[in-house]
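Note sheet for the following structure.
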């Protein structure tokens, strides 16, 4: 490494010394409905067509992992749709 600022040296600062204090994609913050839709798509891709029990368990775990709160009856309805019931 030659030590020039053009090379990545692990320093989060830019060449002018400024720092990035906010997420780079802060302008693209997803709404709660968009996040829920993304979780549903992921679960559908991973366990779609499986039994309702497996789909619902996976859906509840994913929702919990990302911190989305959904009413029990709504989770069950989404799981039924994903499972194809």
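Read-outs: derived from the displayed coordinates by stated rules, not from any lab. Please read all numbers here as calculations on a predicted model, not as lab measurements. Reconstructed Cβ throughout: ideal geometry from the backbone, glycine too, with neighbour counts over all protein chains shown.
Report, by residue number, each residue of region 73-85 that is in contact with a helix residue (DSSP H, G or I) (Cβ under 9 Å, 6 or more places away or on another chain) and in a helix (DSSP H, G or I). Those that are in contact with a helix residue (DSSP H, G or I) (Cβ under 9 Å, 6 or more places away or on another chain) and in a helix (DSSP H, G or I): 75, 76, 78, 79, 80, 81, 82, 83. The residues of region 65-84 that are over 19 Å from the mean Cα position of the chain (by Cα) and surrounded by 10 or more Cβ atoms within 10 Å (Cβ to Cβ), listed by number, are 74, 76, 77, 80, 81, 83, 84.
Mind checking whether some residue in region 47-60 is surrounded by fewer than 15 Cβ atoms within 10 Å (Cβ to Cβ) and under 14 Å from the mean Cα position of the chain (by Cα)? There is no residue in region 47-60 that is surrounded by fewer than 15 Cβ atoms within 10 Å (Cβ to Cβ) and under 14 Å from the mean Cα position of the chain (by Cα). Filtering region 40-67 to residues that are assigned to a loop (DSSP other than H, G, I, E, B) and in contact with a helix residue (DSSP H, G or I) (Cβ under 6 Å, 6 or more places away or on another chain) leaves only 48.
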